[in-house]
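The values are calculated or read from the model by the stated rules, or taken from the named source; none is laboratory data. Model, not experiment: these values are computed from the prediction. Cβ sites come from the backbone with ideal geometry, for glycine too, and all protein chains shown count toward neighbours. Only protein heavy atoms, including side chains, enter the accessible area calculation; ligands, DNA and RNA are left aside. Shrake-Rupley method; radii C 1.70, N 1.55, O 1.52, S 1.80 Å.
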Amino acid sequence: MTSRFDDNVPLPPGTASVVKVTCMDVVMGRGSGTQNHCGNVTYRKLVFLNKELYATSSKFDKLKISKAIVRAVREKGGHFLEMKDKLYFDIGDKRA
């Protein structure tokens with residue numbers, strides 16, 4: 001399997017650029033480009049499916065739901081990406 005990163009060495013968030021953005025990735029930003037990105041559409045569907053549960057949960061459970069959504073994206077091979085200097089970088093789980 002080919003890595004989408006420049007280097008296979010695990011690096012802290014924001015230090016390895018992504019070579020190719022896929023439909024598993026969630027792209028940060030504003031505008032129709034990010035709104036219509038297939039990974040963002042899938043992410044919004046996942047958030048919508050958990051919206052009612054989230055709204056009725058305690059603060060502690062809300063955090064667990066948010067982390068579960070991030071984990072679901074990651075387990076499918078997705079990343080949370082932000083563009084800097086025309087390259088995409090993973091923002092890490094805390095910011096995601």
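Name every residue in region 17-31 that is under 13 Å from GLY77 (Cα atoms), out of contact with any Gly (no Cβ under 7 Å at 6 or more places or on another chain) and not in a loop (DSSP other than H, G, I, E, B), in order of residue number. The answer is VAL18, and nothing else.
Going through region 54-74 one residue at a time, which ones are open to solvent by less than 100 Å² (accessible area, probe 1.4 Å) and of a type outside the set (Ser, Thr, Tyr)? ALA55, ASP61, LYS62, LEU63, ILE65, ALA68, ILE69, VAL70, ALA72, VAL73, ARG74 - these are the residues of region 54-74 that are open to solvent by less than 100 Å² (accessible area, probe 1.4 Å) and of a type outside the set (Ser, Thr, Tyr). Suppose we keep only residues that are open to solvent by 50 Å² or more (accessible area, probe 1.4 Å), among the small types (Gly, Ala, Ser) and closer than 19 Å to PHE89 by Cβ within region 1-47. Which one would you say is modelled with the lowest pLDDT? It comes out as GLY33. The set of residues from region 75-86 being under 10 Å from VAL26 (Cβ atoms) and open to solvent by 50 Å² or more (accessible area, probe 1.4 Å) is empty.
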